[in-house]
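The values are calculated or read from the model by the stated rules, or taken from the named source; none is laboratory data. Only a predicted model underlies this, so the values are computations on that prediction, with no experimental measurement involved. All Cβ positions, even for glycine, are placed from backbone atoms using ideal geometry, and neighbour counts span all protein chains on display.
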Amino acid sequence: MSDHTPWPLIAKYLAGECSKEEKLAMEWWLEEVDNEILFRQIKTAWQKQSESGLQEEFDPEKGINKLNCLILELEESNSNSGKKNKKYIRISSLLTAASILLLIGFGYLLIRNNFSDFGARSKSFIQKSSGNDQILSLLLPDGSKVWLNKNSKLTFPDQFDTSERIVFLEGEAFFEVIPDVSSPFVVRSKKISTRVLGTSFNVRAYKADATSSIAVSTGKVEVSKEIPKGDPIRITQLTPRQELVINTEKDETYIDIVSASNIGSWRKNLLVFQNNTYAEVAARLEASFDVKIHLEDMEFAKCRVMASFNENASLDEVLKLLSISNHFNYSVDGSEVHIRGGVCK
């Protein structure tokens with residue numbers, strides 16, 4: 001979450017008063033994981049208040065005064081302790097949100113009776129990020145295992161809800177989920193929701209990629225498309241060795257049959273391409289070898305590849321074998337790679 005959080009826009013969005021342009025701006029803002037987490041906290045509070053049926057008349061001036069007093073108390077507490085308390089920072093952020101939401105009649109949602117309990121009930125989130133040459137292995141609060149691929153980020157609560165276990169992914173990760181029928185496990189990534197009870201699967205959802213993919217190693221996975229309001233729209237259910245590829249912008253999907261041994265093969269530093277386009281192959285090679293690849297024929301960039309390479313394969317070995325298979329020429333100049341021509345198979 002940035003310091004430029006659009007609180008008035010959030011308030012209008014929740015109230016259903018956004019114009020078409022404001023709605024698009026809000027959806028764009030929600031693509032950031034941190035922004036979505038904050039929004040869900042505020043939305044949950046909004047829905048609980050709406051369902052409570054309380055009819056008490058709202059007094060904006062009193063509400064704002066009470067909020068300002070609470071903010072001052074928290075700031076004084078911080079200055080006296082001499083420490084930057086993360087819990088107080090989170091509460092202050094929510095207070096700031098509330099002070100603006102108050103202006104449209106939402107104020108008593110956060111200040112009524114025990115406002116401080118709202119901050120106490122807010123989840124604390126943990127964020128793990130991998131670097132350019134790092135693969136992380138994580139253990140989630142429920143005991144589920146996660147492998148985080150390079151240039152990826154996973155955000156999850158320090159304690160899962162009893163009804164649902166939700167994590168947020170940017171990049172690629174392989175999950176081994178502890179079964180719990182009463183608490184489904186949900187991965188949210190690039191407007192896609194992947195829901196399981198207990199299984200192992202791979203999710204790839206890098207921001208720079210045109211497509212996202214979900215591949216199942218064991219068990220069953222339900223994949224849905226997130227929408228701004230309402231429940232996600234179900235796309236399909238996947239079983240072992242199925243991979244769903246999704247272009248959320250064009251609303252296109254297709255399912256491939258893949259080798260179980262190739263799902264999450266990046267954990268072993270293997271390069272595996274299962275019906276990937278050359279544009280996707282180029283992106284993988286750029287991340288693996290820290291180079292920039294230029295595909296000079298954009299039609300060839302759409303050609304698909306089936307190939308695998310061991311962990312010791314060099315960039316030149318990979319390019320040489322691919323060039324033989326798809327009849328293209330390539331040149332390497334330092335960290336710049338140019339690919340010319342090429343034939344689809």
Quickly run through region 251-278 and pick out the residues that are without any contact (Cβ under 8 Å) to a residue 60 or more places away in the chain, at negative phi and in a loop (DSSP other than H, G, I, E, B).
VAL258, SER259, LEU270
Candidate set from region 11-22 (those that are assigned to a helix (DSSP H, G or I) and either touching a helix residue (DSSP H, G or I) at 6+ places or on another chain (Cβ under 7 Å) or modelled with pLDDT of 80 or more (or both)); member that is surrounded by the fewest Cβ atoms within 10 Å (Cβ to Cβ)
ALA15
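For every residue, the table says whether it meets (1) part of a loop (DSSP other than H, G, I, E, B); (2) farther than 21 Å from PHE201 by Cβ; (3) modelled with pLDDT of 90 or more.
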{"residue": "PRO240", "(1), (2), (3)": "yes, no, yes"}
{"residue": "GLU249", "(1), (2), (3)": "yes, yes, no"}
{"residue": "VAL281", "(1), (2), (3)": "no, yes, yes"}
{"residue": "ILE293", "(1), (2), (3)": "no, yes, yes"}
{"residue": "ASP316", "(1), (2), (3)": "no, yes, yes"}
{"residue": "LEU321", "(1), (2), (3)": "no, yes, yes"}
{"residue": "ILE324", "(1), (2), (3)": "no, yes, yes"}
{"residue": "SER331", "(1), (2), (3)": "no, yes, yes"}
How many residues does region 207-235 contain that are under 21 Å from LYS150 (Cα atoms), at pLDDT 90 or above and surrounded by fewer than 19 Cβ atoms within 10 Å (Cβ to Cβ)?
0
I'd like the full set of residues that are surrounded by fewer than 17 Cβ atoms within 10 Å (Cβ to Cβ) and more than 21 Å from GLU32 (Cα to Cα), limited to region 139-163.
LEU139, PRO141, ASP142, GLY143, LYS145, GLN159, ASP161, THR162, SER163
LEU244 - would you say it is of a type in the set (A, V, I, L, M) and either surrounded by fewer than 19 Cβ atoms within 10 Å (Cβ to Cβ) or in the same structural domain as GLU17 (by TED's automatic domain parsing) (or both)?
no
State whether the residues of region 182-196 include one that is β-branched (Val, Ile, Thr) and at pLDDT below 90.
no
If you scan region 295-307, which residues turn out to be in a strand (DSSP E or B) and at pLDDT 90 or above?
LEU295, ARG304, VAL305
